[in-house]
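Student: Quick one: the structure is below, and I'll ask about it shortly.
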Amino acid sequence: MIPDIESLDIAHLASGDTLAIQVYKFRGATLGKKAYLQANLHGAELSGNAVIYQLIQFLCDLDPSQLHGEIWLVPTCNPFATNQRSHHYASGRYNPYTGTDWNRIFWDYEKDIEEQSQSSIAEFAKTQLHLNYQHIQNNFYQQLKGRFQELKEVKNRASGLPFEDHYRYQLQSLCLDANYVLDLHSSTNQSLDYLYCFQGREASAKYFLLNTAILLDRYDGDAFDEAFMKPWLSLEKQLANLGKVVKFDLEAWTIELGSGMQINPDSVYRGVRGIKNYLVSKGMLDIQRFPLIQTASKTVQFFPKSKSQKYYAKQGGMLQSRVLLGTWVTSGQLLYQLLVFNREGRLPQLVDVHTEESGLVYDLSSNASVNQGEYILEVLTQPNPA
């Protein structure tokens, strides 16, 4: 297959240069569902770009008859963040102009209509009870799309839009009609490979063949996956409250692939394998050996997001003897030692820090030098029964 390649301008700079993102659109021989994949929304999170590159190469070698529907892929989806530097280090987690997390800027239809006091999703659900799920899905999408277009048109006014608003509408316009949204990230620090999973979509998590998933029982607000999925989950809930059980064939996933500022070959391999397996399992791809035989028996350990525990430095110092990524720690176990210095005429000392709860150490700070109150590590606690 040969993709259609579209460049989409996102910013015109004071220098006269233009920043753009590039979309690779693969369309199969038959109509079907749409999958949207993007990577590098945060600047230091690079592995997803390598995953998308390998998927592009893979799809180019397929016959159109092997793809049912279409797959859109966007590497380096945030050029501002990707190019951001401080000396040798890339962060790009926050917009340097406003200080906002790049993944907390997206438009959420559910929140929008509540803030505007417009017709609620609950009221919409009451009008759809006599219809099948496909008609309901189409009707809701048309409402959502209509509101989205209203907001996008504001950019043409003389007063303009803040860049974050302009950017989010450009990016979200690519996935608004998708069935499956896959947002590829890495930790800005050091991390395992894992998923963020929405409640009610746990059955599909095993298709990615990763061991660990964080179950979204709490939202940070305005993240890319949330903005896509929350309105649909709200509609499902409102319909269920009215006695009509509907589950739309729509899913959104944030896939975390290893650590920041590097491309880990193992994480890339797991990302490519899992995404192929997911798309085959969803009926979009027809390729040999997939779905992989281990899919049926795959067990994913789900940890509720609300129960994760971050550890911050109680005083400044240098980290040493810290537990390794992937360690299952028990309550009271030594997590790390902090080498503490002072300006009070006393000798330096080692301070031991122990766990408060048992859990999985899945994310570590990259810097071993910490000031008081700075992040050190995070533990996933209280896994849900499989």
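The values are calculated or read from the model by the stated rules, or taken from the named source; none is laboratory data. Not measured: the values here are computed from a predicted model. Glycine gets a Cβ as well: all are built from the backbone with ideal geometry, and neighbour counts include every protein chain shown. Each accessible area value is taken on the protein alone, full model and side chains, heavy atoms only, with ligands, DNA and RNA left out. Shrake-Rupley method; radii C 1.70, N 1.55, O 1.52, S 1.80 Å.
Student: Whenever you get a sec, line up 88, 354 from highest to lowest accessible area (probe 1.4 Å, protein heavy atoms).
Tutor: From most exposed to least exposed: 88, 354.
Student: Compute the helix-to-body angle for 224-241: its Cα long axis versus the longest principal axis of the chain, expressed 0 to 90° and rounded to tens.
Tutor: The angle comes out near 60 degrees.
Student: With angles folded into 0 to 90 degrees, how steeply does helix 133-152 sit against the dominant principal axis of the chain? Use alpha carbons for both and round to 10.
Tutor: Helix 133-152 sits roughly 70 degrees off the main axis of the chain.
Student: Given a 1.4 angstrom probe, what's the average accessible area per residue across the chain, in square angstrom?
Tutor: For the chain, the solvent-accessible area averages 47 Å² per residue.
Student: Please give the net charge around residue 228, taking every other residue with its beta carbon less than 10 angstrom from that of residue 228, where Lys and Arg add +1 and Asp and Glu add -1.
Tutor: Summing Lys and Arg as +1 and Asp and Glu as -1 gives -4.
Student: Still on this structure, please answer the following. Using a 1.4 Å probe, how large is the accessible area of residue 159, given in Å² and rounded to the nearest 10?
Tutor: Its heavy atoms expose roughly 100 Å² to the probe.
Student: So for region 197-356, what are the equivalent ellipsoid semi-axes in whole Å, largest first, each being the square root of 5 times an eigenvalue of the Cα gyration tensor?
Tutor: 40, 22, 14
Student: Which order do peptides 164-176, 246-258 fall in by mean Cβ count within 10 Å, highest first?
Tutor: So the peptides 164-176, 246-258, ranked by packing, come out 246-258, 164-176.
Student: Dipole magnitude of the chain about its Cα centre, charges +1 at Lys/Arg Cβ and -1 at Asp/Glu Cβ only, in debye to the nearest 20?
Tutor: Taking the Cα centre of the chain as origin, the dipole is about 480 debye.
Student: Just to be sure I understand: with springs between alpha-carbon atoms less than 10 Å apart, which residue in 80, 290, 198 has the highest mean-square fluctuation in the Gaussian network model of the chain?
Tutor: Maximum fluctuation in the GNM of the chain, among the listed residues, is at 290.
Student: Heavy atoms of the protein only, probe of 1.4 Å, neighbouring chains included. What is the accessible area of residue 310 in Å², nearest 10?
Tutor: Near enough 100 Å² of accessible area.
Student: Follow-up. How much net charge surrounds residue 48 when only other residues with a Cβ under 13 Å from its Cβ are counted (Lys, Arg +1; Asp, Glu -1)?
Tutor: -3
Student: Now a separate question. Out of the total accessible area of region 13-95 (probe 1.4 Å, heavy atoms of protein only), what percent is carbon and sulfur?
Tutor: For region 13-95, the apolar C and S fraction of the accessible surface comes to 52 percent.
Student: If you roll a 1.4 angstrom probe over the protein chains with everything in place, what fraction of the accessible area of region 246-341 belongs to carbon and sulfur, to the nearest %?
Tutor: Roughly 51 percent, rounded to a whole number.
Student: Now for a separate question. Take 141, 97 and sort them by solvent-accessible surface of the protein heavy atoms, 1.4 Å probe, largest at the top.
Tutor: Of 141, 97, the descending order of accessible area is 97, 141.
Student: Let me know the whole percent of all Cα-Cα pairs from region 76-188 that are separated by more than 17 Å.
Tutor: 65 percent
Student: When the C-alpha atoms of region 276-347 are aligned to their principal axes, what extent does each axis show, in angstrom, from largest down?
Tutor: Taking max minus min along each principal axis of the Cα atoms, region 276-347 gives 70, 22, 21 Å.
Student: Mind listing the phi-derived Karplus ³J(HN,Hα) values for region 194-208, rounded to whole Hz, using 6.51, -1.76 and 1.60 with θ = phi - 60°, and x for any glycine or proline?
Tutor: 7, 10, 9, 10, 7, 4, x, 10, 4, 4, 7, 4, 5, 4, 7
Student: Another question about this same structure. Distance between Cα centroids, region 203-270 to region 162-192: provide it in whole Å.
Tutor: 13 Å
Student: Also, quick follow-up: Just to make sure I understand: if all protein chains stay in place, what is the order of 201, 322 by accessible area at 1.4 Å, largest first?
Tutor: Most to least solvent-accessible, the answer reads 322, 201.
Student: Normalised radius of gyration for the chain, please: alpha carbon Rg relative to 2.2 N^0.38 Å, two decimal places.
Tutor: 1.06
Student: I've got another one for you. Sum up the charges of everything whose Cβ sits under 12 Å from the Cβ of residue 250, counting Lys and Arg as +1 and Asp and Glu as -1, but leave residue 250 out.
Tutor: Computed value for this residue: +1.
Student: Could you give me D for region 318-358, from Stokes-Einstein at 20 °C and 1.002 mPa s, where the hydrodynamic radius is the Kirkwood radius over C-alpha pairs? Units µm² s⁻¹, please.
Tutor: Translational diffusion coefficient: 189 µm²/s.
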